[in-house]
1. What's the carbon and sulfur percent of the chain's accessible surface, probe 1.4 angstrom, rounded to a whole number?
2. Between rounded, prolate and oblate, where does the range 598-647 land on the alpha carbon gyration tensor, with a ≥ b ≥ c its root eigenvalues, rounded for a/c under 1.5, else prolate if a/b exceeds b/c?
3. Using only the alpha carbons, work out the radius of gyration and Dmax of the range 463-531 in angstrom.
4. Over 22 Å between Cα atoms, which of LYS106/LYS652; LYS80/LYS157; LYS119/LYS253; LYS46/LYS170; LYS220/LYS253 qualify?
5. Would you check the accessible area of ASP643, probe 1.4 Å, heavy atoms only, in square angstrom rounded to 10?
6. Which of the lysines could be linked to LYS619 by a straight reach, that is with a Cα gap under 16 Å, when you skip same-chain ones fewer than 8 residues away?
7. With no solvent and one point per C-alpha, what does the Debye sum give as log10 I(q)/I(0) for the range 516-584 at q = 0.19, 0.20 Å⁻¹?
8. Out of all Cα-Cα pairs in the range 213-359, roughly what percent, to the nearest whole number, are more than 23 Å apart?
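The values are calculated or read from the model by the stated rules, or taken from the named source; none is laboratory data. Predicted model only: the values in this text are computed from it and were never measured. Positions of Cβ are backbone-derived with ideal geometry, glycine not excepted, and every protein chain shown enters the neighbour counts. Accessible surface areas use protein heavy atoms only, side chains included; no ligands, DNA or RNA. Shrake-Rupley method; radii C 1.70, N 1.55, O 1.52, S 1.80 Å.
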Amino acid sequence: MNFIFVGMNPEQQLTALRNELREHNYNYYVLDSPTITDRDFDMKLKELQALEEAHPEFYDPNSPTLRVGGEVTKNFETVKHEYRMYSLDNSYSKEDLEDWEKRIKKQVDGDVSYTCELKYDGASMSLTYENGSLLRAVTRGDGFQGDNVTTNIKTIKSIPLKLKGDYPPKFEIRGEIVLPFDGFNKMNEDRIAAGEEPYRNPRNTASGSLKLQDSAEVAKRPLECLLYSIKGERLGITTQFENLQKAREWGFKVPEEARVAKNIDEVLEFVNYWDVHRHNLPYETDGVVIKVNNLQQQEELGNTSKAPRWAMAYKFQAEQVSTVLNEITYQVGRTGAITPVANLEPVQLAGTTVKRASLHNADQIEKLDVRVGDTVYVEKGGEIIPKIMGVDLALRKEGSSPTKYIETCPECNTVLVRQEGDAKHFCPNEENCPPQIIGRIQHFISRKAMDIEGLGGETVALLVENNLIHNYADLYELTVEQILPLERMAQKSAENLVSGVIASREIPFERVLFALGIRYVGETVAKKLAKHFKGIDALMNASEEELILVDEIGDRIAQSVVAFFNSEENRNTIERLKTSGVQLKISEEQLAGQTDRLLGSTFVVSGVFTKVSRSELKKLIEDNGGKVSSSISSKTTYVIAGDNMGPSKRTKAEGLGISIISEDDFLAMIS
């Protein structure tokens, strides 16, 4: 018997050995400072496995033995994020950062400092911990919801399954799953030796690893997790830099390169240093993330519909290569928008083979004077989407002629139109242009919209091509017998498709409204319209003037909504969706707790609150019909002032004659 177990019962032995192995794991994978040989670690792990097999009654879902994987996940559960995972706005110059700083200083009081962190290129992940144990790991997905990949994440050695120190009872922590260059190169050496194609780049390989069905295969890959952001209520943390320090203390792997900068000049010093030295790092990085350091100031600044106002990504200069433009083709989108595409001689760029790049619109083609046969410069915009940056005129062939933009739709030959002030050409044949029909239905079934399980984009195209559906209302009349004769359709897949369509009847109204594909009505606008009109009938009959009264709805959106519902075909489709049982009004459950008490009032929330959190305050305002604004103006009705409210905000509110109320005043107002 191991001498450390003398006098211990089996449960105590298991606890002691698990704790010891966790500490060794932390020393090796997080601190990079092992205190035990690999052989001794393996021997102790085998000892723990034997004890666990002998005493299954003491099962621990976060035992170190589970790091080796073995569980198979066929379908990854979709999980809604408790705190939305936003994208970041990008900047590329000192001027961009200075403009950003000016916007910040207009909205917050006091000095502003920044935390600068390297932007690692990996797969974004949100980890939830409860009572110090890993509860759940969810991919970023669309920012609102992602896939539960907990089983695979547990195999990554740098992610603690149990925490150390003074951690809160429950919180989320965000980070990037990355594949270090050394591990990536070793994986490719093994693949080449086995006669297999090498992986293209570390980022895509890391991302793909998270969706492997067999966690034992994930365990073989040298993935790491670098953490950077803690989310939760009343965590007792006041700055982003403290965020990073606390995460390290609790056992997370947090890059050491982060620094606090007092101003934009110090931010640029950090950026310029790492633009040169990033090539010495063990991981892929494509820029620097700059965040307002003070978390209260972050709260004050809030978010746009897509990104936090308190953070900015500064992107390093993108890699640029030259290649030959072989052909320009034209794609038709679901709204009829025409996008010209450059078909290129294949070229390696930032770890991937690039064959196509967007040319955006006719104006861009004319501006670049890009022609078939030209040698063009290509780079990845924001390291993601390839785009043509210019033409090498010295290599242009004699006799080449300027590109003439197409005049008719490449799919249905309808004459294209271009509205005044619009950069793109459009095909007006909405009802009979195949890509528009297929695109609208693909949008309808997409994850952010109706999220119909068992139905993908290729199947939609197949259904349209076989004349089984012409619009999304037709989906609700499909039968298994109709689907079975289609290519690649078996009994089970046909049944799953029909079941998925039936289940989508429970999708809430705001997502149905987004799914309809009304031009300019994205997720955020759909939520605002659903909340205001509460049902499709009121929205269908609303005038432009009534629509403009809704928060953040302008002329362009109002005109688009009215035009959509003026179409007899669209109104007929809505009636068929109603008959099919699709949710076309806000449910009683959603309406519960909502009132119009604050209708017409605009609130600014400033300071620290004790009875409810800032996010809860904002929700209470919106649930009672009010509007939340991030800055004080003549349109502000009330300022809810908490502790540490900035003096300049108070002065501005008083100068404009705006009522300043306390947290208690507000709660009394809605009670």
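1. Its accessible area is 48 percent carbon and sulfur atoms.
2. Oblate, because a/c is 1.5 or more while a/b does not exceed b/c.
3. 14.7, 42
4. LYS80/LYS157; LYS46/LYS170
5. Result for ASP643: roughly 90 Å² accessible.
6. Straight-distance partners of LYS619: LYS527, LYS528, LYS531, LYS611, LYS627.
7. -0.71, -0.79
8. Of all Cα-Cα pairs in the range 213-359, 60 percent lie more than 23 Å apart.
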